[in-house]
1. Those residues that are among the small types (Gly, Ala, Ser), touching a residue at least 12 places away in the same chain (Cβ under 8 Å) and under 18 Å from residue 299 (Cβ atoms), I need them from the stretch 147-168; list them, please.
2. Within the stretch 37-54, how many residues are hydroxyl-bearing (Ser, Thr, Tyr) and either at pLDDT 90 or above or part of a helix (DSSP H, G or I) (or both)?
3. Could you run through the stretch 90-134 and say how many residues are of a type in the set (A, V, I, L, M) and more than 23 Å from the chain's Cα centre (by Cα)?
4. Taking the stated definitions as given, is residue 296 in contact with a helix residue (DSSP H, G or I) (Cβ under 9 Å, 6 or more places away or on another chain), at pLDDT 85 or above and either assigned to a helix (DSSP H, G or I) or over 20 Å from residue 172 (Cα atoms) (or both)?
5. For residues that are among the small types (Gly, Ala, Ser) and touching a Gly at 6+ places or on another chain (Cβ under 7 Å), tally how many sit in the stretch 96-116.
6. In the set 356, 383, which member is at pLDDT below 65 and either surrounded by 10 or more Cβ atoms within 10 Å (Cβ to Cβ) or over 21 Å from residue 330 (Cα atoms) (or both)?
7. Among the residues of the stretch 132-147, how many are among the aliphatic types (A, V, I, L, M) and either at positive phi or in contact with a helix residue (DSSP H, G or I) (Cβ under 9 Å, 6 or more places away or on another chain) (or both)?
8. Kindly list the number of the only condition in (1) part of a loop (DSSP other than H, G, I, E, B); (2) polar (S, T, N, Q); (3) touching a Leu at 6+ places or on another chain (Cβ under 9 Å) that fails for residue 57.
Amino acid sequence: MFQKVLSVFQRKAVAVSDPTALPIFGVVPTLTGQTVTAESALRVPAVSCAVALIAETVGSLPVKLFEREGRASVTDHPAYRLMHDEANPWTSAEALRLQLTTDALPRGHGFALVVRNGSGDPGELHRLEPHQVQLETDELGEPSYLVQLADGRHRYAFSDILHVSAFGGASPITLGREAIGLALAFESHIARLFANGGKPGGILKTEKTLGDEAKGKLAQSWTAAHGSGSTGGTAILDEGMNYESVTMTLADSQFAENRLEQIREIARAFRVPPTMLFELTRGTWSNTEEMSRQFLQVTLKPWLASWAWAYARCLLTPEERRELYAEFITDDLTTTDTAARATAYGQYRSMGAMTANEVRAGLNLPPHADGNALENPYTTTSAAPASSPEKAISND
């Protein structure tokens, strides 16, 4: 960050107050005049809902390590504990994923330092503040990281920094800042509207000609008596004055629809189905269920793929990556109602695709001693074969 600022100011003299310097510090005014930063954007309910939805879901999904041949789960590798159980003694693996995804959504990047033991095996993962890390690439595109720690700056190889980034390295808040700025402007407008009693205002009329000082005092006294916190009182008019209320305009009548459209725009910026941001005006039972599937396919899968590769890059050696891979278990997101789930498991058992123990694992039940066979339970029987008619006659 410091090198970026220094290079800009070295090219030409730029005052800190100059608008051309604002993007350097992440302060970019929108066309509405609203300045959208990671902090101000999160004050928009739709933005905070989208960030929490993605980050909490990524954090809560379990991650496991599998063999490429046979897909057996590997639990004795150091990477398994860091991905599945705990990132360090005070942070669970789920909490670290939540923190880094929350960093990447508003700021574009999330980082964690890999702490290794004497033999070079990964032992802990420590979150880094995004502003502590500067990403650099060489002529071949290989990344390295300059990290500002308490004892100075340190350079780390790409295998020592767990790095998760948003699409293109730019956060949805940056790419959608105009839509978020408009939402902030709507919030400010409606706050001022209701602070004034929920009305756009009115006109005081009188036959007398008033000077500027008298007009100012009249407006001030009227606002003090009937403005914010004093609405609903009785107005007393003298000297032939009368009050004419200003009615809502067509733009004001469409205000609610405009606010809903901004929720949809923010949903597009985060690639989240609008119904999952509680914008339900066009939601039905069928398309809400379909949007839940889209949330996994369109919204989450890029984040899960980025996380899986970040884990593999830092926690597995190149040789181990040829034999092992990390995968998020997304079954909970695709689970339907109990009856449909039972029907699906029954069909998998009858076609020989799953054993009884695999079904029991999907139901979080312990394995059964006789549950590893692939026979169809609806046709297999242990009864003794019936005697043939010929044998029955000869016995008589």
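The values are calculated or read from the model by the stated rules, or taken from the named source; none is laboratory data. Owing to the predicted nature of the structure, the values given are computational and were not obtained by experimental measurement. When we count neighbours, we look across all protein chains shown, and the Cβ atoms used for this are built from the backbone with ideal geometry, even at glycine.
1. We begin by selecting, within the stretch 147-168, every residue among the small types (Gly, Ala, Ser); these are 150, 152, 157, 159, 165-166, 168.
Add one more test, that the residue is touching a residue at least 12 places away in the same chain (Cβ under 8 Å), and what stays is 157, 159, 165-166.
Scanning the stretch 147-168 gives 165, 166.
2. The total comes to 2.
3. At the first step, the residues of the stretch 90-134 found to be of a type in the set (A, V, I, L, M) are 93, 95-96, 98, 100, 104-105, 112-115, 125, 128, 133.
Then keep just the ones that are more than 23 Å from the chain's Cα centre (by Cα); that gives 114-115.
Counting residues in the stretch 90-134 that are of a type in the set (A, V, I, L, M) and more than 23 Å from the chain's Cα centre (by Cα) gives 2.
4. Values: in contact with a helix residue (DSSP H, G or I) (Cβ under 9 Å, 6 or more places away or on another chain): yes; at pLDDT 85 or above: yes; either assigned to a helix (DSSP H, G or I) or over 20 Å from residue 172 (Cα atoms) (or both): yes.
So residue 296 passes the test.
5. Keep residues of the stretch 96-116 that are among the small types (Gly, Ala, Ser), which gives 104, 108, 110, 112.
Now drop any that are not touching a Gly at 6+ places or on another chain (Cβ under 7 Å), which leaves 104, 108.
Here the count works out to 2.
6. Working: 356 fails: at pLDDT below 65.
The unique qualifying residue is 383.
7. Filtering the stretch 132-147 down to residues among the aliphatic types (A, V, I, L, M) leaves 133, 135, 140, 146-147.
Next, from what is left, pick out any that are either at positive phi or in contact with a helix residue (DSSP H, G or I) (Cβ under 9 Å, 6 or more places away or on another chain) (or both): 135, 146-147.
Of the residues in the stretch 132-147, 3 are among the aliphatic types (A, V, I, L, M) and either at positive phi or in contact with a helix residue (DSSP H, G or I) (Cβ under 9 Å, 6 or more places away or on another chain) (or both).
8. Unmet for residue 57, out of (1) part of a loop (DSSP other than H, G, I, E, B); (2) polar (S, T, N, Q); (3) touching a Leu at 6+ places or on another chain (Cβ under 9 Å): (1).
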